[in-house]
């Protein structure tokens, strides 16, 4: 079992959890925010989850307020927003830090395992165009960065925040991992 499985987590409703709850599944871990230009990705993430959950995919949402205060709400407000605006049914967790010295242990392991983000240059240029200095690697670049964890608990890929849930490269990695037993 991977060290990722041992990390204590908390569901958005306050119940304790860990990635061991999803052992044997392919995980798409996404740091999410309700007030971001990328927030409409919730729709695609939910569609992807509904399409592939029977094959063993779990999409896991981790709200984070690390980027320009784009996730200011409480857990109850975030859960309500996700349900009413995007009918999110995939597992959501309590708000965490995904960057800096206080980053959650989950994100410390994820960024250490996959220090480079695929196709990040376009996103970096977009952020710079808005006058935002992007975080240097291996830090998470922005909301909606995506990490893929294989059935065996290894972190196999990391995708830029602007990679949409229907992106062929992301889907290819997910399908490859889902095909493994």
Given the conditions (1) within 17 Å of the chain's Cα centre (by Cα); (2) over 17 Å from residue 161 (Cα atoms); (3) touching a residue at least 40 places away in the same chain (Cβ under 8 Å); (4) surrounded by fewer than 21 Cβ atoms within 10 Å (Cβ to Cβ), every one holds for residue 119 apart from (2)
Subset of segment 12-33, residues assigned to a strand (DSSP E or B) and either within 20 Å of residue 66 (Cβ to Cβ) or in contact with a helix residue (DSSP H, G or I) (Cβ under 8 Å, 6 or more places away or on another chain) (or both), comes to 18, 26, 27, 28, 29, 30, 31, 32
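Let's see how each residue does on (1) more than 13 Å from the chain's Cα centre (by Cα); (2) without any contact (Cβ under 8 Å) to a residue 12 or more places away in the chain; (3) closer than 17 Å to residue 9 by Cβ:
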{"residue": "30", "(1), (2), (3)": "no, no, yes"}
{"residue": "35", "(1), (2), (3)": "yes, no, no"}
{"residue": "43", "(1), (2), (3)": "yes, no, no"}
{"residue": "50", "(1), (2), (3)": "yes, no, no"}
{"residue": "58", "(1), (2), (3)": "no, no, yes"}
{"residue": "76", "(1), (2), (3)": "yes, yes, no"}
{"residue": "79", "(1), (2), (3)": "yes, no, yes"}
Would you confirm whether any residue within segment 124-132 is without any contact (Cβ under 8 Å) to a residue 24 or more places away in the chain and on the phi > 0 side of the Ramachandran plot?
-> yes
Residue hits (segment 127-137; closer than 22 Å to residue 63 by Cβ and either outside any loop (DSSP other than H, G, I, E, B) or in contact with a strand residue (DSSP E or B) (Cβ under 9 Å, 6 or more places away or on another chain) (or both)) are 127
Within segment 49-72, residues surrounded by fewer than 18 Cβ atoms within 10 Å (Cβ to Cβ) and assigned to a helix (DSSP H, G or I) come out as 50, 51, 53, 54, 55
The lone condition residue 175 fails out of (1) surrounded by 18 or more Cβ atoms within 10 Å (Cβ to Cβ); (2) out of contact with any strand residue (DSSP E or B) (no Cβ under 6 Å at 6 or more places or on another chain) is (1)
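Here is a yes/no grid of residues against (1) within 17 Å of the chain's Cα centre (by Cα); (2) over 29 Å from residue 55 (Cα atoms); (3) buried (at least 21 other Cβ atoms within 10 Å of the Cβ):
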{"residue": "83", "(1), (2), (3)": "no, no, no"}
{"residue": "88", "(1), (2), (3)": "yes, no, yes"}
{"residue": "103", "(1), (2), (3)": "yes, yes, no"}
{"residue": "143", "(1), (2), (3)": "yes, no, yes"}
{"residue": "149", "(1), (2), (3)": "yes, no, yes"}
Practice task
Could you check, for segment 73-80, whether at least one of its residues is surrounded by 21 or more Cβ atoms within 10 Å (Cβ to Cβ) and touching a helix residue (DSSP H, G or I) at 6+ places or on another chain (Cβ under 9 Å)?
Solution key: no
- request: Can you confirm whether segment 136-154 contains a residue that is at positive phi and out of contact with any helix residue (DSSP H, G or I) (no Cβ under 8 Å at 6 or more places or on another chain)?
  value: no
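Mind counting the residues in segment 1-11 that are crowded, with 17+ Cβ neighbours inside 10 Å and assigned to a helix (DSSP H, G or I)? Break it down stepwise before answering.
If we filter segment 1-11 for residues that are crowded, with 17+ Cβ neighbours inside 10 Å, which is where we start, we get 2, 4, 7, 9.
Applying the additional criterion that residues be assigned to a helix (DSSP H, G or I) yields 4.
Counting residues in segment 1-11 that are crowded, with 17+ Cβ neighbours inside 10 Å and assigned to a helix (DSSP H, G or I) gives 1.
The numbers here are math on the coordinates, done by the rules we state, and not lab data. The structure displayed is predicted, hence computed values, not measured ones. Note that each Cβ is placed from the backbone with ideal geometry, even for glycine, and that neighbours are counted across all protein chains shown.
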